[in-house]
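Data block below; observations after.
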Amino acid sequence: MGYEIREEDSSTIIVLSGEVDLESSPQVRSVLLEHVGKKRAVLVDMSAISYIDSSGIASLVEAYQSARRGGTMFALVAVSDAARRVLELARLDQVFSIHESVTEALADGG
Amino acid sequence: MRTASRPDSLRLVRAMVKEAAETVGCGDECVNQLVMAVDEACQNIIRHAYGGDPNGEIIVDIRHQNDSLAIHLLDYAAPVDVRKIKPRQLDDVKPGGLGTHFIQECVDECAFLEPPDGAGNCLRLVKKIT
């Protein structure tokens, strides 16, 4: 698993890549919560995720709930087919704000 | 395959299951589902059966049986209380608790068998080759 962080205007874009599994999800959780805690909009680019398991999904849910409590935007963008299948299996595609691109997410306000 | 009850073992487990499933003719969706089911089941062994102890052992046994793949996961942890294993309600959105749901959705059969002498738990997963 790898990740990159970009700041764009008032948003933080976290680009996750590779396999998000039991080994790497603690790091994903930590990165997501750190940036959600900064009270900036957080967009998670999931285009390069090749695999994500229940522990990775749990990290996303925890960050999403933390953002909601803090009143900040948290959205998933460019979700890969592999990640989308898992979100659908958990029916979380109906819970998360999901957008085709960062531009679209920002235009929609999350 | 014998592997340690450590998170960094799971990548190898997934690779082996993927290779086996592709070898017997599973399509992409079947491969993905089988890989996820075995991965999640191994996670449960690591996190719940062994309680995070990295020194446990997991045996992954894959057998081609007619039109299916049967996978047996054996561990040497204390026997789990099968009655307590149940998927959570998906409407209750919270971190965690999805692994059992994923396993049940991804395979055709999922059941604990009586483990061999000396073993703790034996989980049998069966996936029809499609």
Two pseudo-spin positions, 7 Å from Cα along C-beta at B:Ala78 and at B:Glu29, lie apart in nanometres by 4.2
Rounded to 0.05, the calculated FRET efficiency for the beta carbons of A:Glu34 and B:Arg124 at R₀ = 45 Å is 0.65
Taking chain B, the lysine pairs whose C-alpha atoms sit under 24 Å apart (8 or more places apart or on different chains) add up to 7
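Could you work out the relative contact order of chain A, using alpha carbon pairs under 8 angstrom and six or more residues apart, expressed as a whole percent? Spell out each step's value before the answer.
Details: 204 pairs, mean separation 26.9, N = 110.
24 percent.
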Simple spin-label estimate for B:Arg88/A:Asp108, 7 Å along Cα→Cβ, in nm, reads 2.5
Here the relative contact order (percent) of segment B:4-130, from C-alpha pairs under 8 Å and at least 6 apart, is 29
The Cα radius of gyration of chain A, divided by 2.2 N^0.38 Å with N its residue count, comes to 0.94
With no solvent term and unit scatterers on the alpha-carbon positions of the protein assembly as shown, Debye gives log₁₀ I(q)/I(0) at q = 0.09, 0.11, 0.16 Å⁻¹ of -0.40, -0.58, -1.11
Counting only DSSP beta bridges fully inside the protein assembly as shown, the antiparallel percentage to nearest 5 is 65
Dividing the helical contributions, -39500 (n - 2.57) per DSSP H run of n ≥ 4, by the residues of the protein assembly as shown yields a 222 nm value, nearest 500 deg cm²/dmol, of -11000 deg cm²/dmol
Stretched fully, the stretch from A:Gln27 through A:Ser97 gains (0.36 nm per residue minus C-alpha distance, one decimal, in nm) 23.0 nm
For segment B:40-109, the dipole about the Cα centre with charges only on Cβ (Lys and Arg +1, Asp and Glu -1), to the nearest 20 debye, works out at 280
DSSP beta bridges in chain A: the antiparallel percent, rounded to 5, is 30
Volume per residue (Å³) of the convex hull spanned by the alpha carbons of segment A:28-90 is 73
Along the dipole axis of chain A (charges at Cβ: +1 for Lys and Arg, -1 for Asp and Glu; origin at the Cα centre), the most positive-end residue among A:Leu22, A:Ala83, A:Leu32 is A:Leu32
Answer in debye to the nearest 20: the dipole magnitude of the protein assembly as shown about its Cα centre, from +1 Lys/Arg and -1 Asp/Glu charges placed on Cβ, is 640
In order over segment B:39-48: 3J(HN,Hα) from phi, Karplus 6.51/-1.76/1.60, θ = phi - 60°, whole Hz, x for each Gly or Pro, gives 4, 5, 5, 5, 4, 4, 5, 5, 7, 9
So the pair-distance distribution of segment B:35-83, from every Cα-Cα distance in 10 Å bins, comes to percents of 24, 50, 21, 4
The whole-number value in µm²/s of the Stokes-Einstein translational diffusion coefficient for segment B:37-130, with Rh from the Kirkwood sum over alpha carbon pairs at 4 °C and 1.567 mPa s, is 93
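Where a number appears in this text, it was derived from the coordinates with a stated rule and is not lab data. None of the values given here were measured: they were computed from a predicted structure. We place every Cβ from the backbone using ideal geometry, glycine too, and count neighbours over all the protein chains shown.
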